[in-house]
Amino acid sequence: MTTKSTNNIKTLAIMAMLTALAVAADIFLRIPGIGGFLTYEPKDVILTIGAFIYNPIAGLVMSLVVCLVEMVTVSSTGFIGLLMNFLASAVFVGVASVIYHRKKTIARAIIGLVAGAAAMTAVMLLWNYIMTPIYMGVPREAVVSMIPTLLLPFNAIKAALNASLVLLLYKPVVTALRKSKLIPTRESNDSPNKKTNTVIIVIVSAVAVATLLLVLLIFAKII
């Protein structure tokens, strides 16, 4: 077996392990029922660590798998819950890891996590505005009234807590994996390749366009 094949197997094994840990965190460490429908779970901490170790695309793939497992196990919100959970994870993990992989330093990690937290909070406020009336059957005005008292504080605290936990846990996790020779002993400071950048740009653009179109349709009183 070639060195490249061995490395690929190791990568898949570590990604599978991190995905399983994120699922376990989602199931066993969740705090449900905040505000009646919001749930906190630390899965994004593990997913972001995985994206920092490998790349943003790996983080998005793991996020999707975890959210799919969540939908068919502990979640009772169906496809809407899947969509909201994936958006939250993808934005936080994707933004943080793209910035970090531009140059792998502690400063870039902090900048990436702060940017990821801010982006996730903003995106989830918009999508709660779009989807909560559909899911809960409440007037949109009621959702607007929740923004300053519930939705903004919840999303901001969740994102800040996850960012803090990533900073706390990333170094010990990476050190343990390096000592086990499961990942390389040194991390490259190379920027993400063009293909990775293109995929991330397409995903972010698609989310932005979908969000803006839905908001416009709401203001036009079509949905």
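Values quoted throughout were computed directly from the atomic coordinates according to the rules given, and no laboratory measurement underlies them. The shown structure was predicted, so the numbers you read here are calculated from the model rather than taken from an experiment. Cβ atoms come from the backbone with ideal geometry, glycine included; neighbour counts cover every protein chain shown.
Quickly run through region 1-35 and pick out the residues that are closer than 18 Å to S76 by Cα and either surrounded by 12 or more Cβ atoms within 10 Å (Cβ to Cβ) or in contact (Cβ under 8 Å) with a residue 24 or more places away in the chain (or both).
Matches in region 1-35: V23, A24, A25, D26, I27, L29, R30, P32, I34, G35.
Could you name every one of the helices (runs of 4 or more DSSP H) located completely within region 34-153 that has at least 3 residues being within 18 Å of V166 (Cβ to Cβ) and touching a helix residue (DSSP H, G or I) at 6+ places or on another chain (Cβ under 6 Å)?
Answer list for region 34-153: 43-53, 56-72, 78-102, 106-136.
Let me confirm something: among L161, L87, which residue is buried (at least 16 other Cβ atoms within 10 Å of the Cβ) and among the hydrophobic types (A, V, I, L, M, F, W, C)?
Being buried (at least 16 other Cβ atoms within 10 Å of the Cβ) and among the hydrophobic types (A, V, I, L, M, F, W, C) holds for just one of L161, L87, which is L87.
Going by what's in this entry, would V66 be described as within 29 Å of A107 (Cα to Cα) and either among the aliphatic types (A, V, I, L, M) or within 14 Å of the chain's Cα centre (by Cα) (or both)?
yes
What about T19, is it polar (S, T, N, Q) and in a helix (DSSP H, G or I)?
Yes, satisfied.
Please specify each residue of region 36-52 satisfying the condition of being surrounded by fewer than 23 Cβ atoms within 10 Å (Cβ to Cβ) and of a type outside the set (D, E).
If the condition is that a residue be surrounded by fewer than 23 Cβ atoms within 10 Å (Cβ to Cβ) and of a type outside the set (D, E), then G36, F37, L38, T39, Y40, P42 are the ones that fit.
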